[in-house]
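Worksheet: one structure, shown below.
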There are 2 protein chains.
Amino acid sequence: MDEVTFAVLGTGGIGRRALEVSQHKDHLTPVAACDRHGTAIDFDGLDVDELLAATEGNIDNEVATDGGERTDGSRSSSELRSDGGSGATTTESGDGVKQHGEDRGVVASEQARASDDPIQDVIDHGDGIDAVLLALPNYEHDFIPRVADRFLEGGYSGVLIDVLKRSRVIDMLDERSEAFEDAGITFICGAGATPGLLTGAAALAAQSFVEVTDVDIWWGVGLKSGYEDNRGTVREDIAHLPEYDIETARDLSDAEIEAIIDEHDGVIEFEDMEHADDVLLERAGVCDAEDVTVGGILDVQSDEKPTTTTVRVTGRTFDGETATNTFQLGDETSMEANVNGPALGYLKAGVRRNRAGEYGVFGPAELMPGF
Amino acid sequence: MDEVTFAVLGTGGIGRRALEVSQHKDHLTPVAACDRHGTAIDFDGLDVDELLAATEGNIDNEVATDGGERTDGSRSSSELRSDGGSGATTTESGDGVKQHGEDRGVVASEQARASDDPIQDVIDHGDGIDAVLLALPNYEHDFIPRVADRFLEGGYSGVLIDVLKRSRVIDMLDERSEAFEDAGITFICGAGATPGLLTGAAALAAQSFVEVTDVDIWWGVGLKSGYEDNRGTVREDIAHLPEYDIETARDLSDAEIEAIIDEHDGVIEFEDMEHADDVLLERAGVCDAEDVTVGGILDVQSDEKPTTTTVRVTGRTFDGETATNTFQLGDETSMEANVNGPALGYLKAGVRRNRAGEYGVFGPAELMPGF
């Protein structure tokens, strides 16, 4: 495969770790990184070590449960607004966001410069950027789609890839499918851990069967730094609890969130989560969305996973047997490893598709063998 | 995805079951099937039920251990010779091949006609055939490559796909890579169970890691019909035992093979098999070939799998942990289900690549997210 250049939009948890993981990958060069305050661009390849060190303080609560979404209302220095960014370097604090470095955000790096419109900076250099990883907190359901609109309007032609989680976002992207095709954009959606790695595993495990009756995705996450630093994730996950939704969870105060966590003794179990694995498997023809269930256990007080992340695919073989194929992630693999490795893997696959002239919206399962 | 038409070369175990499984697949139409005696072609779609019923007696010992290779010297009615076929309908018997029906081979079907050169028949109709599944016994290591040469010489442009097993065959196909590219052929090699499904699973499981240190593939096969009907498979597997190779195994008499089986009480364990998973993972950049081990247990006296087919991928994450991701096939999935489902899945993926203008040689791992 030829060399691949990529940009990260957002230098929070996902964006920074994607840069870090890319250092281990051949033929993959990060050439741009931005947040709402500024942009770092270097077509010889960013100095990732310098950039990570300079933005260390930007690790905030947008770390997400195996997927990369953040829905809480707090705005950190690492975010990037789809309306073009404020350009301001005011010193908002609060919500447990660590604040290191003289400047806030990517402009703390000597490779970056302040910008009123970082997305446009990336678009303006788009000819040299094969893929853009949208490592953005997804405050609202249409946040990623609106960012995509910026790239459409800006005339970008290449790969856009996200690690979003919610099923309903896929439909919003699908509405833009024709526009992506016209623009020459290959949009890879839901390419983190779940959806992402586990969706792909389900699509592959399905190959033994002629009919898939159940896909059961069950994840375990132990957050390394405890829940203090990860309220955004916890807030997002609380939105999946039966008594909350994304709006009510956003309105919870930190004290209320901590009270909910305490009620659960720090270990919260989720059932029937709205994860896009369902629609992504359906659009690949593997099974009906309703046959997919996603749940898991989040332990915010331990680094150990409270349960082993497991995908179970049950189906019927052509010769009439019913069986279950299983994919399990080793307990020592962190959420970060399982999000960012696959994201870059799917990014490479997306670039290959894009170079072959395949445009539109693709989910992870569509990048697997056909069903 | 658009409609896909395909042909099977060989109507033995693999070919017949591929036809059967395809009946469960949307957008996949079998339009041609041939063996060395004749060809059935119908662009409205073959009547698979009729063809399977008519060729029922062609189930012989080329059923292979999760892969589709046969190396014994016996020639059955379902084989197809790469030199063009004899066209004769002599009644060779022997070697345990069942002989049902008035005619031998595919010509027993009312959809087929006798042919002196069935491969050329398929090539002559190649414009309407998106993919050709080489469901052939691989008597010699260069058998599949030589069949590919026929398609190159004949001017076919489309997908060729095989379910071969031996590592060394991949190199022979690679030597033809440029010719495939010039011809517009996308050659998918090693796309059965192992290599194939399990190779893909290994490539996907690798995504959690920045370095893969070990891939361990361990299969279990319980042959439904006992070893009497599957001497070809047993012979091929015996070639993997330390004291044999493919040539010496071919020279064994049936009595000698049975003696070896009896020595093992009907359950033969294999270690360090020459399965192409190793070179196929290396060419996808996942790990070094030497880090891949393939072994398994063949129980020729039981329908139950003697062990659960398992892929273990061990690696190092970007954050310094060592872990093992695991993929397991349900014990109730037959070898046939795990070969033919993936073969058709990779076939669809290959057609997609071909239509996008990607030609040359691809292994299963190259059809996964990049590493």
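The values are calculated or read from the model by the stated rules, or taken from the named source; none is laboratory data. Remember, it's a predicted structure, so these values are computed and weren't measured experimentally. With ideal geometry, Cβ positions are generated from the backbone for all residues, glycine too; neighbour counts draw on all protein chains shown.
Residues that are more than 20 Å from B:ALA18 (Cβ to Cβ) and part of a helix (DSSP H, G or I) were ranked within the stretch B:358-371; the one that is nearest to the other protein chains (Cβ to nearest Cβ) is B:GLU366. Consider B:SER167 carefully, then state whether it is within 18 Å of B:ILE246 (Cα to Cα) and either crowded, with 17+ Cβ neighbours inside 10 Å or of a type outside the set (D, E, K, R) (or both). Yes; evaluated as a whole, the condition is true for this residue. With respect to B:ALA183, is the statement that it is within 12 Å of another protein chain (Cβ to nearest Cβ) and at pLDDT 95 or above true? No: the conditions fail for B:ALA183. If you filter the stretch A:341-357 down to residues that are in contact with a helix residue (DSSP H, G or I) (Cβ under 8 Å, 6 or more places away or on another chain) and within 7 Å of chain B (Cβ to nearest Cβ), you find that the one that is surrounded by the fewest Cβ atoms within 10 Å (Cβ to Cβ) is A:ALA356. Of B:GLY45, B:GLY57, all but one fail to be more than 14 Å from B:LEU347 (Cα to Cα), modelled with pLDDT of 95 or more and outside any strand (DSSP E or B); the exception is B:GLY45. Exactly one residue out of B:THR314, B:THR307, B:THR326 is over 26 Å from B:ASP174 (Cβ atoms), assigned to a loop (DSSP other than H, G, I, E, B) and not hydrophobic (A, V, I, L, M, F, W, C), and it is B:THR307. Listed conditions (1) at the interface with chain A (Cβ under 9 Å from one of its Cβ atoms); (2) surrounded by fewer than 19 Cβ atoms within 10 Å (Cβ to Cβ); (3) free of Cβ contacts under 8 Å to residues at least 60 places away in the same chain are all met by B:GLY330, apart from (2).
When the stretch A:325-340 is filtered for residues that are out of contact with any helix residue (DSSP H, G or I) (no Cβ under 7 Å at 6 or more places or on another chain) and of a type in the set (Ser, Thr, Tyr), the ones remaining, listed by number, are A:THR326, A:SER334.
Take the conditions touching a strand residue (DSSP E or B) at 6+ places or on another chain (Cβ under 9 Å) and in a helix (DSSP H, G or I) and apply them to A:ILE257. Does it pass? Taking the combined requirement at face value, the residue does not satisfy it. When the stretch A:260-269 is filtered for residues that are surrounded by 12 or more Cβ atoms within 10 Å (Cβ to Cβ) and either among the basic types (Lys, Arg) or at pLDDT 90 or above (or both), the ones remaining, listed by number, are A:ILE260, A:HIS264, A:VAL267, A:ILE268, A:GLU269. Taken over the stretch A:16-57, the residue count meeting the criterion of being more than 22 Å from B:GLY285 (Cα to Cα) and within 14 Å of another protein chain (Cβ to nearest Cβ) is 4. Considering the conditions (1) closer than 24 Å to A:ALA18 by Cα; (2) within 14 Å of another protein chain (Cβ to nearest Cβ), A:LEU298 is excluded by exactly one of them, (2). For the stretch B:22-36, the criterion of being part of a helix (DSSP H, G or I), at pLDDT 95 or above, farther than 11 Å from B:GLN111 by Cβ and assigned by TED's automatic domain parsing to the domain that holds B:VAL159 is met by at least one residue. Among the residues of the stretch A:276-304, those identified as closer than 25 Å to B:THR324 by Cα and either assigned to a loop (DSSP other than H, G, I, E, B) or of a type in the set (Lys, Arg) (or both) are A:VAL300, A:GLN301, A:SER302, A:ASP303, A:GLU304.
B:ASN230 meets the conditions (1) buried (at least 24 other Cβ atoms within 10 Å of the Cβ); (2) modelled with pLDDT of 90 or more; (3) not β-branched (Val, Ile, Thr) in every case but one. The failed one is (2). Scanning the stretch B:4-31 for residues that are under 24 Å from B:MET335 (Cα atoms), aliphatic (A, V, I, L, M) and in contact with a strand residue (DSSP E or B) (Cβ under 6 Å, 6 or more places away or on another chain) yields a total of 6.
Tell me whether the stretch B:280-291 contains one or more residues that are of a type outside the set (Ser, Thr, Tyr), surrounded by 23 or more Cβ atoms within 10 Å (Cβ to Cβ) and in contact with an Asp or Glu (Cβ under 7 Å, 6 or more places away or on another chain). Looking for residues that are of a type outside the set (Ser, Thr, Tyr), surrounded by 23 or more Cβ atoms within 10 Å (Cβ to Cβ) and in contact with an Asp or Glu (Cβ under 7 Å, 6 or more places away or on another chain), one finds at least one in the stretch B:280-291, hence yes.
Any idea which of A:THR314, A:THR322 is more than 23 Å from the chain's Cα centre (by Cα) and more than 7 Å from chain B (Cβ to nearest Cβ)?
Numbers: A:THR322 fails: more than 7 Å from chain B (Cβ to nearest Cβ).
So the residue among A:THR314, A:THR322 that is more than 23 Å from the chain's Cα centre (by Cα) and more than 7 Å from chain B (Cβ to nearest Cβ) is A:THR314.
The numbered conditions (1) within 10 Å of chain A (Cβ to nearest Cβ); (2) free of Cβ contacts under 8 Å to residues at least 60 places away in the same chain are all true for B:ASN338 except (2).
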